[in-house]
Each structure stands twice: as C-alpha cells, then as structure tokens.
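To start, the structure itself, in structure tokens.
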Amino acid sequence: MATETTYDVFIIGGGQAGIPLAWGLAGAGKRVALAERKDLGGSCVNFGCTPTKAAIASARVAHQARRAVEYGLQIPEVGVDFPAVLARARRVAYESRQGLDTGFEQTENPRLIRGHARFEGRAEAGFRVRVGAESLLAKQVVLNTGTRSYLPPIAGLAEANALHAGNWLDRPELPTHLVVLGGGYIGLEMGQFYRRMGSEVTILENGPRLIAREDEDVSGALQALLAAEGVRFRFQTRLTQVMQDEGLRLQVEANGAPEEIHASHLFVATGRVPNTDDLGLETVGVACAEHGYIQVDERLATTVDGIWAAGDMRGGPLFTHTSWDDNRILMSQLTGDGKRTTHRIVPYAVFTDPELGRVGMTEAEARRSGKRIKVARFEMKRNGKAAEIGEAEGFIKVIAEAESGQLLGAAALCAEAAELVHLYIDLMNAGAPYTVIRDAIHIHPTLAEAAQSAIAALDTAAID
C-alpha cells in the first residue's frame, strides 16, 4: 500500500482566508496543502467583489457621461456595449486569479491540489482527507469552502434560468426588464448596475423597506437616490411562481393580493447558503449551526479539536475583509500565538453610487442599548468638494456615547463613502474619543472634511 502524505495543516478551499493562510503557515515552517476544486480566489475574485466593482465602474462612467451637460460638456449619445462591459469585468477577475495561480505553480509548500476534498474519517495522525484519487493525512484541517447563492423553493424558479451572484458574469444578454428578487445589498448594487446599462429594473422586497438592517433614514435616502435613476420598487411583495411565456410571468402576492409581473429576466438576490453539504463532516463529527453554517467559537475552532473554519461558511459577517482577517486569527492559533480572536469591529459597504459605508451600531441599535448617546448628521450638499465635483447627494451620520465621547457607529451615504468611513473605523479601533477627529486639520477642499464636520456637530447635539 502506498504511503499517505501527512501535512501539518490541510486547507480545503482557496478563498480569501485559505490562500494567505497557506502561505503564512508555510513561511512559519509548517507543511501545508490547499485543495481547490475550481478557481482560486473564492467568490470575491471570481464573481463577487472583483468583477462586480469592475462592472459597476463601467456603469458609473456611463452615468457620468449622461450627466455631461451638468458639467458644461456635450456628449450627444452614450452607447453601451454590454458584452464588452462583462468582458472587461471577466478580464479583471482573470488577471487577479492568474496571479494566485502563478504563485502556487512556483512552490511545493504550500502545495496546491486541484479537486474536490472530502473527509474520510479520523486517522492516528489526525484526519484522512481524499482529493480525487489521492488520499492524504492531516494533523489539522481548515475549512474555507465559502457559500453559494440561495435559490428559494418557488414554483418554476429552478427552470427559469435566473441570474444570481454566481452566474451573472456569464450572461451577455442585456435584460429588457430585469426583476430583482431581494432588496438587500447585492440586489441594490446589481439593480443599479443593470439600470445604468439600460435595463428597466424592478426590485421586489418582501419586507416594508430596503436593507432592513440599516436605519430608516439611510434606507429611505438610498431608495430615493435609486428611484431618481428610474429603479422601481415593490414592497410587501412575495414571489410565488415563475412561468415562462415569451419572457417571464411572475406571480406575486402584493400586500396579500395576487398579481402578475412581466419581465425578460429575473435576478435572485435572497441570500447565501454555505458549501458544507459534501465535505464528509459526518465522518469526523463536525457540528453545523443554523442553515448549515459551521459552528465555531471565538478562535474559529469547530466542535472537533484540530478542525477550524474560516470565511463565509462559518457564519457571522459574510465579507471578504472578515474572511481575510480570519486568516490572521488562524495564523495566531495555529502557530501558537493564540492572541487573536473574533472580537473585532467589522465595517462594511454597499457599493451603490453613492456608496454606503457603515461601521458599528446603527442609531436604532444605539438607542436600544440603553446608553446615553449623541447623534449628529451632516448633509453633503454643505461640503465644498462635494458641490465642486457635482456629487452632493447624501449625508453622514455619527453616533457617540455622551459621557465618554467614544464613537459607537457611523453611516456615510455619499460619494466615496466606503473610503471615508475608515476615519471612523480607525478611531473606534483605537478606542479614542471623537474629539481626535474634531481637532485634526483636514485638507481643503476634500470630502474628508465632511467626515470631520459630522463629528464636530456632536458637540452641540442633544443627549438622548
């Protein structure tokens, strides 16, 4: 019988946690292998962050060109070559993925193994894992297999060839009328993208408003901005059946009453499900939490000693930046440091235009916390740079603890919000009071002055 190769750490899945972890552990002297069944980079590189932001950039150029007259310019016609837009997005993703591939081609540690990995049970050395025809042993295993789009059990949906986060990049036909199922972050980003490409867009949301996790003023303002571009919204509307007849006929219940909506295409943005159903977890006893996510503690350890989970499959905040930080947590745990845990401040952004940058508590959460708080809001139309560049929509809102001056949360709905919010992220991580930003000198004219102006307004804000 052939000798099975034993690895100190075997990583299943080459996402935003698994790849840097493989390199880091190998650099620390561990013998490491990483199995990836398809493309390196995870959802971010292959169909998420990287290509979506490339496509959104094309949509923004088109939108700005249509606004040329506001800047004293004449652009008679703006043409959209939709297949070329997607080709550019695919090229950006490919180039990013190629860089990852090249790195592994030049080394044996970490070793990249192409194929689907699955537990076969425990072994004296730790765990037995099979990848295709190869069986190997691992002292410790890290799971990083990510998530996929959730397609709800709606009659006719499986046969409708719907678009979703995992396949939109390979669908070169521009929808005439796109219905987006779900008014969350993905639904809004993609809805605006297709609208700017020239599609009619209707967003169906089962609840009473968009992005229900956010404060109502933020949700309402973002809805108004998208509606001004022609995106339509239907609330309290539930899709019950999809039928195909010269396009799609969507049977819905709107406020409890049946109705029919005609569309050329359907984009499903109703959430994600973890890729945990074919890993052989039952052979080693790893427990899953709600909806199939891997159950982990604050160290990212599963219920089985020696098996860890990172990235979206472990539940919690499903962001590329938290997946990357999971790598740092696991480096700390697997190299004996043990200092880092998942006690962290997790910011995020919605990459609509204007963007929404968020960190910490919402105003509603802060009020429910029982803390004495101060809330301040600054309208971007009062910022010089925003007016000068013609990007004066939106506002910045900050929430601070009244006694300590500690920032509890912030929401920036404005141009470059995903960048501006980092001022608040760093302040909160430093544990410094808001006066640090208030008393700093910011360059004029900049959008960052608006971030400072919002903070300064806390001085005169009422205490609640």
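The values are calculated or read from the model by the stated rules, or taken from the named source; none is laboratory data. What you are looking at is a predicted structure, and each value in this text was computed from that prediction instead of being measured. Note: ideal-geometry Cβ built from the backbone for every residue, glycine included; neighbour counts use all protein chains shown.
Do we have any residue at all in the range 56-71 that's closer than 25 Å to Asp312 by Cα and not acidic (Asp, Glu)? It would help to see each step written out before you state the result.
Of the residues in the range 56-71, the ones closer than 25 Å to Asp312 by Cα are 56.
Adding the requirement that they be not acidic (Asp, Glu) leaves 56.
Looking through the range 56-71, at least one residue is closer than 25 Å to Asp312 by Cα and not acidic (Asp, Glu).
Of all residues in the range 406-438, those satisfying the criterion of being within 17 Å of Thr362 (Cα to Cα) and of a type in the set (Val, Ile, Thr) are Val421, Ile425. Scanning the range 114-127 for residues being surrounded by fewer than 21 Cβ atoms within 10 Å (Cβ to Cβ) and on the phi < 0 side of the Ramachandran plot gives a total of 8.
Of the residues Asp464, Asp439, Asp426, Asp459, which single one is of a type in the set (D, E, K, R), surrounded by fewer than 20 Cβ atoms within 10 Å (Cβ to Cβ) and at pLDDT below 95?
Of the residues listed, the single one that is of a type in the set (D, E, K, R), surrounded by fewer than 20 Cβ atoms within 10 Å (Cβ to Cβ) and at pLDDT below 95 is Asp464.
Candidates in the range 240-258 are the residues that are among the charged types (D, E, K, R) and out of contact with any Ser or Thr (no Cβ under 8 Å at 6 or more places or on another chain); of these, the one that is nearest to His291 (Cα to Cα) is Arg249.
Quick test for you: out of Glu70, Glu4, pick the one residue that is within 28 Å of Ser135 (Cβ to Cβ) and of a type in the set (Asp, Glu). After applying the criteria, what remains is Glu4.
With the structure loaded, tell me whether Ala349 is buried (at least 23 other Cβ atoms within 10 Å of the Cβ) and either in contact with a His (Cβ under 6 Å, 6 or more places away or on another chain) or in contact (Cβ under 8 Å) with a residue 12 or more places away in the chain (or both) or whether it fails that test. Considered against the rule, which asks whether it is buried (at least 23 other Cβ atoms within 10 Å of the Cβ) and either in contact with a His (Cβ under 6 Å, 6 or more places away or on another chain) or in contact (Cβ under 8 Å) with a residue 12 or more places away in the chain (or both), Ala349 comes out as no.
Name the residue, out of Gly370, Gly394, that is modelled with pLDDT under 95 and of a type outside the set (Phe, Trp, Tyr). Going through Gly370, Gly394 in turn, the sole match is Gly370. When residues of the range 131-146 are filtered for being modelled with pLDDT under 95 and either in a loop (DSSP other than H, G, I, E, B) or touching a helix residue (DSSP H, G or I) at 6+ places or on another chain (Cβ under 9 Å) (or both), how many remain? Total satisfying the criteria: 2. Taking the range 1-11 as the range and being surrounded by fewer than 24 Cβ atoms within 10 Å (Cβ to Cβ), of a type in the set (Val, Ile, Thr) and not in a loop (DSSP other than H, G, I, E, B) as the test, only Thr6 passes. I want to confirm something. Restricting to the range 200-221 and keeping residues that are free of Cβ contacts under 8 Å to residues at least 60 places away in the same chain and polar (S, T, N, Q), which single residue is nearest to His164 (Cα to Cα)? Across the range 200-221, the extreme among qualifying residues is Asn206. For the range 333-343, the set of residues classified as over 19 Å from the mean Cα position of the chain (by Cα), assigned to a loop (DSSP other than H, G, I, E, B) and surrounded by 17 or more Cβ atoms within 10 Å (Cβ to Cβ) consists of Arg340 only.
Note on the range 277-332: residues that are in contact with a Lys or Arg (Cβ under 7 Å, 6 or more places away or on another chain), surrounded by 18 or more Cβ atoms within 10 Å (Cβ to Cβ) and assigned to a helix (DSSP H, G or I) total 3.
Checked against (1) part of a loop (DSSP other than H, G, I, E, B); (2) at pLDDT 95 or above, Glu246 passes all but a single condition, namely (2). Which residue is surrounded by the fewest Cβ atoms within 10 Å (Cβ to Cβ), if the candidates are limited to the range 86-113 and must be farther than 30 Å from Pro172 by Cα and among the polar types (S, T, N, Q)? Once the filter is applied, the top-ranked residue is Gln106. Might you let me know whether the range 338-345 holds any residue that is more than 22 Å from Gly184 (Cβ to Cβ), without any contact (Cβ under 8 Å) to a residue 12 or more places away in the chain and basic (Lys, Arg)? Within the range 338-345 (the criterion being more than 22 Å from Gly184 (Cβ to Cβ), without any contact (Cβ under 8 Å) to a residue 12 or more places away in the chain and basic (Lys, Arg)), the answer is yes, since at least one residue qualifies.
One residue alone among Ala402, Ala386 is at pLDDT 95 or above, surrounded by fewer than 19 Cβ atoms within 10 Å (Cβ to Cβ), among the hydrophobic types (A, V, I, L, M, F, W, C) and farther than 16 Å from Phe351 by Cα, and that residue is Ala402. Among residues of the range 411-436 that are farther than 23 Å from Thr342 by Cα, none has a beta-carbon under 6 Å from a residue that is of a type in the set (Ser, Thr, Tyr) at least six positions away or on a different chain.
For the range 147-216, the strands (runs of 3 or more DSSP E) that sit wholly inside it and include 2 or more residues that are of a type outside the set (Asp, Glu) and either crowded, with 23+ Cβ neighbours inside 10 Å or touching a Pro at 6+ places or on another chain (Cβ under 7 Å) (or both) are 177-181, 200-205.
Out of Gly41, Gly14, Gly18, Gly48, I need the residue that is over 21 Å from Ala117 (Cβ atoms), in contact (Cβ under 8 Å) with a residue 40 or more places away in the chain, crowded, with 17+ Cβ neighbours inside 10 Å and under 20 Å from the mean Cα position of the chain (by Cα). Which one?
Working: Gly41 fails: over 21 Å from Ala117 (Cβ atoms); Gly14 fails: over 21 Å from Ala117 (Cβ atoms); Gly18 fails: over 21 Å from Ala117 (Cβ atoms).
One residue alone meets the criteria, Gly48.
So for the range 306-313 (the condition being in contact (Cβ under 8 Å) with a residue 40 or more places away in the chain, under 30 Å from Gly156 (Cβ atoms), touching a strand residue (DSSP E or B) at 6+ places or on another chain (Cβ under 6 Å) and aliphatic (A, V, I, L, M)), does at least one residue qualify? Write out each step before concluding.
As a first pass, look at the range 306-313 and keep what is in contact (Cβ under 8 Å) with a residue 40 or more places away in the chain: 306-313.
So of that shortlist, the ones also under 30 Å from Gly156 (Cβ atoms) come out as 312-313.
With the extra rule that they be touching a strand residue (DSSP E or B) at 6+ places or on another chain (Cβ under 6 Å), the set shrinks to 312-313.
Then keep just the ones that are aliphatic (A, V, I, L, M); that gives 313.
Yes, because at least one residue in the range 306-313 is in contact (Cβ under 8 Å) with a residue 40 or more places away in the chain, under 30 Å from Gly156 (Cβ atoms), touching a strand residue (DSSP E or B) at 6+ places or on another chain (Cβ under 6 Å) and aliphatic (A, V, I, L, M).
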